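Comments concern the structure below.
The values are calculated or read from the model by the stated rules, or taken from the named source; none is laboratory data. Predicted model only: the values in this text are computed from it and were never measured. Note that we place each Cβ from the backbone using ideal geometry, even for glycine, and neighbour counts take in every protein chain shown. Note: accessible area is taken over every heavy atom of the protein model, side chains too, but ligands, DNA and RNA are not part of it. Shrake-Rupley method; radii C 1.70, N 1.55, O 1.52, S 1.80 Å.
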Amino acid sequence: MALSCMRCPAGAAARRAAAPPPSPMAAVSFARCGFGRSTAAAGCWRIQAVAPQGVKAPMDPNVKNAVTPTTPPKVENGSPSEITLDEFEDLNALSKNDDSTVSITVVGASGDLAKKKIFPALFALYYEDCLPKHFTIFGYARSKMTDAELRNMVSKTLTCRIDKRENCSEKMDEFLKRCFYHSGQYDSEEHFKDLDKKLKQHEGSRVSNRLFYLSIPPNIFLDVVKCASKSASSVNGWTRVIVEKPFGRDSESSAALTRGLKQYLVEDQIFRIDHYLGKELVENLSVLRFSNLVFEPLWSRQYIRNVQLIFSEDFGTEGRGGYFDSYGIIRDIMQNHLLQILALFAMETPISLEAEDIRNEKVKVLRSMKPLQLEDVVIGQYKSHTKGGTSYPGYTDDKTVPKDSVTPTFAAAALFINNARWDGVPFLMKAGKALHTKRAEIRVQFRHVPGNLYKGSFGTDLDRATNELVIRVQPDEAIYLKINNKIPGLGMRLDRSNLNLHYAARYSKEIPDAYERLLLDAIEGERRLFIRSDELDAAWSLFTPLLKELEEKRIAPELYPYGSRGPVGAHYLAAKYNVRWGDLSAEHYKA
């Protein structure tokens, strides 16, 4: 069982003294932050019990568990379901019973993603006391490297929180001592057997839980999963695999990848990661909507005129052109990041915050949408441009990109959800590289006030009077609501003002990186922010017909200058549905 303890009321200590001791059948491991802290300092605790040693948990789904609960809960590899205990105070005593360990293997440890994101995120979790007491990190790649060389490579990317807590260098040294390296081929079962031997040396007699992070190209996913399944999976704990996007190129390749993974894994062992789902403002979406009465009644076609999901980068491919050219902006950003945000935004109220309940509602949204049509899409590609005496190269100037490439670096699309809540409301997506700014945001434009008494103050431009809710995902995280307000003084002059929740001003704590949250969730077995296979199928079904038509007809993208606001066609697409892009107004830059 997994126990969660919130702030305990007075008198819990007396009740705890009378309570029976925890059952020895379960090995208890901490699964949230704050090991060794006092209860008052911790604020929120969660511990997760792992299966007793008698419970087998192989990666092969055909092997049955030796122990089965009376009422079958949601199970992954024999680990029991989670329950909540509101009054459970002193968890330090339970830590003494901890006899499990977590081994994290970063496959592709010498790559950029591992160096820049995964290892720093793991260190941040260690620094915050969020990792289990017994853990080991192994890097696995083809490159020849010693443990010392791995630690030296990793140490160059580690940083402590900006609030300058004490013992930063000491914590780094402790963390690096837990990092090891094993060189091997990705398709060699023998090399994974050697890895297994090293993992067992560190795990000792404890219950071994193993997490594999596949930071590798998708064409070798199945080789690694096969070898890890047969030669390096846990025999008495859980084994989980984190898979990085892209999850295929279309419906067919995605389905083939899922079938391949499920030869060796069950669905609950597969954690398909989309790091945008781990961003603070994206995770706050459901809190904003479902815990504030002021928003949920307005969250429908009756009050919302359109929703805009905007992603822009102010740089080009910069050396990644070869990789990017085989996917393009639609596969790289729209089909995953933006569509996942859309599903979270538009879903119906789930019956609980359990992962399956939330993912069920997201799938319903995706299945309610019709596949994208070419007439509802605009694609673009950036060209070279000189500004302020500086020349910026075009996409096809990249030596790794074919000169005749028609791969889009920009796309805008209008999507519609065919259900009672959202019928007729355009959801506009826009994503691009080499644009004028770097930003990711959700913009909710509300309908005009019927019979507005003050419409004369706005002239003919009623859009100026439209209320707009903006959720800025990055950078400089914020949530602000645009309202109409009277300017102080004699007479009646109106102005647009922002009710602004600026995270940097409101919260002193640094916002964790998305990878920190997702890695911690994977260790805990929390799947809420990971993508299920049927969810992936539904997402690809929306975009695959469009992608095939674009590629078969070799439709040329509209060119736009590097550093501009994108192709003009995007404005015509928005105007087609009587929408004005919210990020291009003058007021946007004052927010």
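Residues in the range 100-244 average 41 Å² of solvent-accessible surface per residue, probe 1.4 Å, ligands and nucleic acids excluded. Put HIS182, HIS202 in order of accessible area, highest first, and with a 1.4 Å probe you get HIS202, HIS182.
Bridgeable lysines around LYS193 (alpha carbons under 26 Å apart, same-chain partners fewer than 8 residues away excluded): LYS56, LYS64, LYS115, LYS133, LYS144, LYS177, LYS226, LYS230, LYS262. The length gained by stretching the chain between LYS144 and LYS403 to full extension, at 0.36 nm per residue less their Cα-Cα distance, is 89.6 nm. Be a star and scan the range 419-439 for residues whose amide nitrogen sits under 15 Å from the point 7 Å along the Cα-to-Cβ vector of ARG301. Taking a point 7 Å out along Cα→Cβ of ARG301, the residues of the range 419-439 whose backbone N falls under 15 Å are 419-427.
The figure for ASP404 is an accessible area of roughly 110 square angstrom, using a 1.4 Å probe on the protein chains alone. Hydrodynamic estimate: the Kirkwood radius of the range 100-244 over Cα pairs, inserted into Stokes-Einstein at 37 °C and 0.692 mPa s, corresponds to D of 213 µm²/s. Ordered from largest to smallest accessible area (heavy atoms of protein chains, 1.4 Å probe), the residues THR159, THR437 come out as THR159, THR437.
Accessible surface comparison of LYS576, LYS362, LYS117, probe 1.4 Å, protein chains only, largest first: the order is LYS576, LYS117, LYS362.
Using a probe radius of 1.4 angstrom, the carbon and sulfur fraction of the accessible surface of the range 270-405 is 52%.
Looking at the range 471-558, the accessible area is 47 square angstrom per residue; that uses a 1.4 Å probe and ignores ligands, DNA and RNA. Counting only protein heavy atoms and using a 1.4 Å probe, the accessible area of VAL378 comes to about 20 Å².
Within a straight-line Cα-Cα reach of under 17 Å, LYS364 cannot be paired with any lysines, leaving aside sequence neighbours fewer than 8 residues apart in one chain. In the assembled protein chains, GLU348 presents an accessible area of approximately 70 Å² (probe radius 1.4 Å).
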